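First comes the structure, then the notes that go with it.
The values are calculated or read from the model by the stated rules, or taken from the named source; none is laboratory data. All values derive from a computational prediction rather than experimental measurement. Because the Cβ atoms are built from the backbone with ideal geometry, glycine has one as well, and the counts that use them run over all protein chains shown.
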Amino acid sequence: MQIGCGSDSEREWTLYGFLTYYALLDCGFRLSPSAGTANGVHPVPLGFSRVYVHLPRGFSYEEWIKGLKTGRSFVTTGPMLFATVNGKDPGHAFRSGARATDPPPFTVKGEIVSAERIDKIELVVNGEVIRTLHPTSSRSQAGAIQSGFEETVQIEGSGWIAARCWEDRGQGSVRFAHTAPWFVEVEGRPLRPRREEVEFLVRQVEVEIARSSPLVTSLALEEYRQALSAYQSIARTAK
């Protein structure tokens, strides 16, 4: 996996954000994705990117925050991506003991509702796209395009699964949606980050320390140094 600079195109910029997020997940940081418009910084309309949280017991602020932290959610710049793994919402952790022999199958099932036809759906396992789907679609009476999918994947050891989709708008413009991850925990077989991922994170903090040293307080610099130490420790477990 190569984490570039993300400056080539709209899709490359999006992938740069995805790959940075995947590196953090692979390092063991269970971060739920969120979203914000950044209108005024990026040339996008107000309300462009959003995070949606599944609230089976109805809406309240407390339940929304709890659902967001749990990861029962997806982020989007357009398409609505509803998905489950083995019937469970994103954020769920599947656990198995050390004596488990064959890895169990995980069925990723979902539906996408979009304004334009979905170009492709990608299933991501531990930061790598392991399956690309080109779904058949139908138009609803309301005029939306509906695309269903179902696919089975397997994971060796601990890890995570996510789904994402792309809606090509032409002239280099894309819309996307991305689920929060589902986690797989296998006793005695922890997830290990790829070396290039953790080395990327180490370099980013080192660059930030060098850039910020003349500008910020010693307390702020200490936070950077703690982050660097944490990443360097994780690097010793990399594969």
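Numerical summary
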{"read-out": "Restricting the range 214-237 to residues that are surrounded by 14 or more Cβ atoms within 10 Å (Cβ to Cβ) and over 25 Å from the mean Cα position of the chain (by Cα), the residue that is nearest to VAL202 (Cα to Cα)", "value": "LEU221"}
{"read-out": "Residue within the range 143-154 that is outside any strand (DSSP E or B) and either crowded, with 21+ Cβ neighbours inside 10 Å or not polar (S, T, N, Q) (or both) present", "value": "yes"}
{"read-out": "Pairs with Cβ under 8 Å, 6+ apart, first in the range 115-137 and in contact (Cβ under 8 Å) with a residue 40 or more places away in the chain and surrounded by 15 or more Cβ atoms within 10 Å (Cβ to Cβ), second among the hydrophobic types (A, V, I, L, M, F, W, C) and assigned to a loop (DSSP other than H, G, I, E, B)", "value": "ASN126/ILE155; ASN126/LEU191; GLY127/MET1"}
{"read-out": "Any chance PRO181 is at pLDDT below 95, closer than 17 Å to THR107 by Cβ, under 22 Å from the mean Cα position of the chain (by Cα) and not basic (Lys, Arg)", "value": "no"}
{"read-out": "Among the residues listed as ILE145, ILE130, the single one being on the phi < 0 side of the Ramachandran plot and touching a Leu at 6+ places or on another chain (Cβ under 7 Å)", "value": "ILE130"}
{"read-out": "Unmet criterion (only one of (1) within 15 Å of the chain's Cα centre (by Cα); (2) in contact (Cβ under 8 Å) with a residue 24 or more places away in the chain; (3) more than 16 Å from GLY148 (Cβ to Cβ)) for VAL53", "value": "(2)"}
{"read-out": "Selection within the range 56-71 - touching a strand residue (DSSP E or B) at 6+ places or on another chain (Cβ under 7 Å) and either without any contact (Cβ under 8 Å) to a residue 12 or more places away in the chain or under 30 Å from LYS239 (Cα atoms) (or both)", "value": "TRP64"}
{"read-out": "Subset of the range 182-217 that is out of contact with any helix residue (DSSP H, G or I) (no Cβ under 8 Å at 6 or more places or on another chain) and acidic (Asp, Glu) - its residue that is nearest to PHE94 (Cα to Cα)", "value": "GLU185"}
{"read-out": "Of all residues in the range 29-41 being farther than 17 Å from VAL75 by Cα and modelled with pLDDT under 90, the one that is farthest from the chain's Cα centre (by Cα)", "value": "GLY40"}
{"read-out": "Residues that are polar (S, T, N, Q), assigned to a loop (DSSP other than H, G, I, E, B) and surrounded by 13 or more Cβ atoms within 10 Å (Cβ to Cβ), drawn from the range 39-72", "value": "SER49"}
